[in-house]
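So the structure is just underneath, and the comments pick up after that.
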Amino acid sequence: MSDMLNSALPGAGFAGFVTVNEAGLRGMITLRGDLSSPVLAGVLKDAMGLDMPAQRRVTQAGTAFAAWMSPDELLLMLPYDQAGAMAQKLAGALAGEFATVANVSDARAVFTLQGAAVFDALAKICPVDFSDFAEGDIRRTRAAQVAAALWVSGADQVTLVCFRSVAQYMFDLLCAAAAPGSEPALYA
């Protein structure tokens, strides 16, 4: 991991009918392997205090999160300055197992969307049925033409993760979707 000094769009924010903020640097580790393996679950618990998440769910322990991304992939989120050491710790603990660990912190951008109509804004750009999207749920999808992961991270709050290379495009897209006067009545 390089020594990043700034996140993709430091301090970027927009206040519309939904508030959009670039969330700053986040530590992120991709862990791939057999998610049903008791060894992998034990390493995750021992190293980070995290339980294995169920399909399309996120578990939390303090400032660390484990997000189910696919049948063989987790996205682990933790403070940025801890990601490098944690990736090494996980790789060492999983030596000999059919698993891979990669620190992807510098390849991602994170946005937080907050407001009662957060799903209305996202429904304009994401092909997701938000009617039963609850706190702790995560989905991989597209926001317009960009790959993204959406996580209901709190009450009326969604965290969006995308590639850092499209951060400005994503921010502009989210701002347009949340612009005053563009509120759809999808879930009213």
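Each reported figure results from applying straightforward, stated rules to the coordinates on display, with no laboratory input. Since the model is a prediction, treat every value here as computed from it, not as a measurement. Note: ideal-geometry Cβ built from the backbone for every residue, glycine included; neighbour counts use all protein chains shown.
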Express in nm, to one decimal, how much length is gained between ASP172 and ALA95 on full extension, taking 0.36 nm for each residue of separation and deducting their alpha carbon distance. 23.5 nm
Among bridges DSSP assigns within the chain, what percent are antiparallel (round to 5)? 100 percent
Where in region 94-136 does the label zone of PHE163 land, with the point 7 angstrom along Cα→C-beta and an amide N cut-off under 13 Å? 107-109
Please give, to one decimal in nm, the separation of the simple spin-label points placed at GLU135 and ALA116, each 7 Å out from Cα toward the Cβ. 1.8 nm
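Please give the calculated 222 nm ellipticity per residue for the chain, where each DSSP H segment of at least 4 residues contributes -39500 (n - 2.57) and the sum is spread over every residue; nearest 500 deg cm²/dmol? Before the final figure, lay out each step's value.
Numbers: 4 runs with 39 residues, N = 188.
Here the helix-only value at 222 nm equals -6000 deg cm²/dmol.
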For region 1-144: rounded, prolate or oblate by the Cα gyration tensor [a/c cutoff 1.5]: oblate
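For region 27-106, what class follows from the C-alpha gyration tensor (a ≥ b ≥ c being the square roots of its eigenvalues): rounded when a/c is under 1.5, otherwise prolate if a/b is larger than b/c, else oblate?
Judged from the Cα gyration tensor, region 27-106 comes out rounded (a/c under 1.5).
Using only the Cα atoms of region 83-188, build the gyration tensor, take square roots of its eigenvalues as a ≥ b ≥ c, and label the shape rounded, prolate or oblate: rounded if a/c is under 1.5, else prolate if a/b is larger than b/c, else oblate. Don't skip to the end; give the middle numbers.
On the way: a/c = 2.79, a/b = 2.03, b/c = 1.37.
Since a/c reaches 1.5 and a/b is larger than b/c, the shape of region 83-188 is classed as prolate.
Arrange the peptides 27-33, 66-72 so that the one whose residues have, on average, the most other Cβ atoms within 10 Å appears first.
Working: 27-33: 20.7, 66-72: 17.7.
Ranking, from highest mean packing down: 27-33, 66-72.
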